[in-house]
Structure formats: structure tokens, C-alpha cells
Amino acid sequence: MDPARVIARLDVKGLNVVKGIHLEGLRIIGRPGDLARRYYVDGVDELLFMDVVASLYGRNSLLGVIEDAAKDVFVPLTVGGGIRTLDDIFAVLRAGADKVAINTEAITNPEILRTASRAFGSQCIVLSVEAKRREGGWWEALTDNGRQMTGRNVLDWVKEAEALGVGEVLITSVDQEGTRKGFDLALVKEVREKIKIPVIMGGGAGTAEDVTCLLRSEKADAICCASIFHYDICSIRELKNTLSNEGFEVRV
């Protein structure tokens, strides 16, 4: 098994990194450049920047943030929020990003996943899924940072996206996000059974033990965390030390 990837998520609104619960009630954490450099020095494997209001305004406003981060941060950068066209993708990549995460536009126009994967390579295109548990034992894919229902079944959607050519799937559990109560293990298990491409799981990490529990399931290829890093509950270095002590291979 490949080393477990540790990804720090930075939700950006305007000039600030913010954090909420269930993608709502956003609280200011700090400046994206400062946090990106801090997490890079602490040993993060990748950084995920999400413009959490981009879909409301129809554009991604992180080009300056990415250009600034790319000067000092030398790990893969993924950017999401408001990515609607191939020109948007090109602009983000030119600013210094390595990958783009697409949610709302992919739901509206799934063909963009095929077109983008062919134009830029599958390794560059990440499907971002905001999953909300529904009665009856299924999960609905939401858009617009959890504000809009789509009626799409997450499990059907990730399988379709894989066929369209995406290289990875980022699953964020809306139910667990920001709660620090642990990951939705049932969700990641079901997703893993549907697709073969890498799965990044986010939403719910409150302790290093939550992460080890997820990785023991062998269903996620990477973990994406925010609260435990933002609020100094567990540093990236401490998390990696814990994972290593538990027998997981990590990147140094």
C-alpha cells in the first residue's frame, strides 16, 4: 500500500481561511498564505484550497492566493470552487496549482470531466463530492458548498465520474464536517466498493485516532483535515508520528 497522504484543507472566503460545521457558520481562522507555509513546514503532503463562495459569484478568486503560496510551498496544490471552464482550469494551473477539484459544474455538465481529463490529464482532475446522508441508507451529492440539493446518488455519481476520466475523488461528509466526531466510515466503504481510482476522505477528523481508524479500514488513499490542524488539536508532524507508530507508512 502506498504511503498515507496527509492533506490540509484551507476553505477560503475573501482574504481569510474560514472553518464551519456542516459547511455552515464560518469562523475566521487566518490568512491562507500564512497557514499554507505553516503546514508546509510542518510536513503536509498536499494542500487543498477551496473558494467556498465561488459558486455564488460564478468565479474562482484564488489565483493570487495560489501564486503567493506557490512561491514558498513545494507540495502539490489542489484548487476548487467556481471551476467552470477549461480556461478556468488553465488559469489555476498557470497560477501554480497542480490539480483542480470540480463539484458544481461537474454535476451540471458532467462532460466537462471528460473534456478536462483529456486536455490536462486525469491526474489533474479531482471530482469533489459533498455527501449528505439521507433516509433509506443513501447519500445525496450537494453543490454550492452544501447549499444546493441535486438528487444525485453519491455512489452512482462517483462511478460515472470515474468512467468520464477523473483521476481522484474527494469525498466530504457534510454530516461529519467540522464536528470532530470521526469520519463517515460507511460512506467511504461504499464509495471504495464502487470505484478503483484514489479516494480522498474528509469531514470529521477530531483526533489522530480518527485518522488511524479510517486508514485501518483500507478504504481511503488519503485523508483531508482542517479542524485538527487549524485549532492545534494535532499538528501534521504529530499526526504522522502517530500513524508511523501505528504501522502506517507516511511520507517524511
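Going by C-beta contacts inside 10 Å, put Asp11, Asp42, Asp87, Asp51 in order with the fewest on the left.
The most exposed by this proxy come first: Asp87, Asp42, Asp51, Asp11.
Take every DSSP beta bridge whose two residues both sit in the stretch 5-245, then give the antiparallel share in percent to the nearest 5.
Taking every DSSP beta bridge with both residues in the stretch 5-245, the antiparallel ones total about 30 percent.
What whole number of Å gives the distance from the Cα centroid of the stretch 169-186 to the Cα centroid of the stretch 74-148?
If we compute the Cα centre of each part, the gap is 18 Å.
Ranked by Cβ crowding within 10 angstrom, fewest neighbours first, how are Glu249, Glu190 ordered?
Glu249, Glu190
Which of the trypsin sites (Lys or Arg not before Pro) found in the stretch 110-160 are loop residues per DSSP with 16 or fewer other Cβ atoms within 10 Å of their Cβ?
Arg147
I need to check one value: relative contact order of the stretch 48-206, counting alpha carbon pairs closer than 8 Å and at least 6 residues apart, in percent.
17 percent.
I want the local charge near Arg38. Using Cβ-Cβ distances under 11 Å, sum +1 for each Lys or Arg and -1 for each Asp or Glu among the other residues.
Once positives and negatives cancel, what remains is -2.
For the stretch 144-240, what's the relative contact order in percent, using C-alpha pairs closer than 8 Å and at least 6 residues apart?
With pairs under 8 Å counted, the relative contact order is 25 percent.
Go ahead and estimate [θ] at 222 nm for the chain from helices alone: -39,500 (n - 2.57) per DSSP H run with n ≥ 4, summed, over the residue count, rounded to 500.
Here the helix-only value at 222 nm equals -10000 deg cm²/dmol.
Net charge near Gly204, counting Lys/Arg +1 and Asp/Glu -1 over other residues with Cβ under 10 Å of its Cβ?
-2
So how do Cys224, Cys213 line up by other beta-carbon neighbours within 10 Å, fewest first?
Starting with the residue having the fewest Cβ neighbours, the order is Cys213, Cys224.
What is the spin-label model distance, in nm, from Arg38 to Asn16 if the labels are put 7 Å beyond Cα along the C-beta direction?
It works out to 1.4 nm between the two label points.
Within straight cross-link reach of Lys194, meaning Cα distance under 26 Å, which lysines are found once same-chain residues fewer than 8 apart are removed?
Within the straight-line cut-off, Lys194 pairs with Lys99, Lys132, Lys159, Lys181, Lys219.
Projecting each Cα onto the charge dipole of the chain (Lys/Arg +1, Asp/Glu -1 at the beta carbon, about the Cα centre), which of Ile28, Phe120, Thr207 comes out farthest on the positive side?
Farthest along the dipole direction, towards plus: Ile28.
Debye sum, Cα scatterers, the chain, no solvent: what log₁₀ I/I(0) at q = 0.09, 0.10, 0.11, 0.13 1/Å?
-0.33, -0.41, -0.51, -0.73
No value in this document is a laboratory result; all are computed from the given coordinates. Given the structure is predicted, the values throughout are model-derived calculations rather than measurements. Cβ coordinates were reconstructed from backbone atoms using ideal geometry, including for glycine residues, and neighbour counts include every protein chain displayed.
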